[in-house]
Amino acid sequence: MQAAKDRTNEVLAAGGDPDVEPQGSLEELFAQARPGDYVAIQAFIDPMRERELEPLIELARRETGCVVTHGLGPRYLHSTGQLHKGGPNTGLFVQVVDEPGDEVAIPGRKFGFRRLIRAQAAGDFASLEERGRRIVRVRLEDL
């Protein structure tokens, strides 16, 4: 959890719009599945769009034969996020982002919610990558 927070703060301090462009291939990620692995779909998306993840969840189950979990970011960081980074390297991680819309100001901050959520996604991705986790990022609109 702290690692993701630290990376998020680094992204925010760098200024500009955090990089949450797609990275990697679902096909290549799913091909790496081994017995005992799981797939974790980490969605930094509008909660009203959560149902749009269903086809991805089914695809992950079908292609890997693994248990598939899913959670909305940054909420999951307070629970399973610690396992993802500190537990055994048995996860296949799919970060899903969407077009977050207009910026909404956060009183007393130099950034708004749009930038904060994108920074949290970028920070968590970097934190998982630094730990050698198998991870890709996709856009919800591209699924």
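Relative contact order of the chain, taken over Cα pairs closer than 8 Å and 6 or more residues apart, is 41 percent.
For GLU10 and ARG61, calculate 0.36 nm times their separation in residues minus their Cα-Cα distance, and state this gained length in nm to one decimal.
Details: separation 51, 0.36 × 51 = 18.36 nm, distance 3.45 nm.
Additional length available on full extension: 14.9 nm.
Using a 1.4 Å probe, what is the accessible area per residue for segment 1-85, in Å²? Don't jump to the answer; show the numbers that get you there.
Details: 4980 Å² over 85 residues.
On a per-residue basis, segment 1-85 sits at 59 Å².
Where the alpha-carbon atoms of segment 1-59 are placed on the principal axes, they occupy 39, 29, 21 Å, in descending order. Each label was represented as a point 7 Å from its Cα along the Cα-to-Cβ direction; for GLN2 and THR80 these points are 2.4 nm apart. The label point for GLU21 and the one for ASP46, both projected 7 Å from the Cα toward the Cβ, are 2.5 nm apart.
With viscosity 0.692 mPa s and temperature 37 °C, the Kirkwood radius over alpha carbon pairs of segment 78-143 converts through Stokes-Einstein to a diffusion coefficient of 245 µm²/s. Surface composition of segment 33-143: carbon and sulfur atoms hold 54% of the protein heavy-atom accessible area at a 1.4 Å probe. The share of Cα pairs per 10 Å bin across segment 18-143, counted from zero up to the longest distance, runs 13, 46, 32, 8, 1 percent. Taking 7 Å steps out from each Cα toward its Cβ at LYS110 and ARG34 produces label points 4.4 nm apart.
The values are calculated or read from the model by the stated rules, or taken from the named source; none is laboratory data. Please read these numbers as outputs of a predicted model, since none were measured by experiment. Glycine also receives a Cβ, built like all others from the backbone with ideal geometry; neighbour counts cover every protein chain displayed. Heads up: the accessible areas ignore ligands, DNA and RNA and are worked out on the full protein's heavy atoms, side chains in. Shrake-Rupley method; radii C 1.70, N 1.55, O 1.52, S 1.80 Å.
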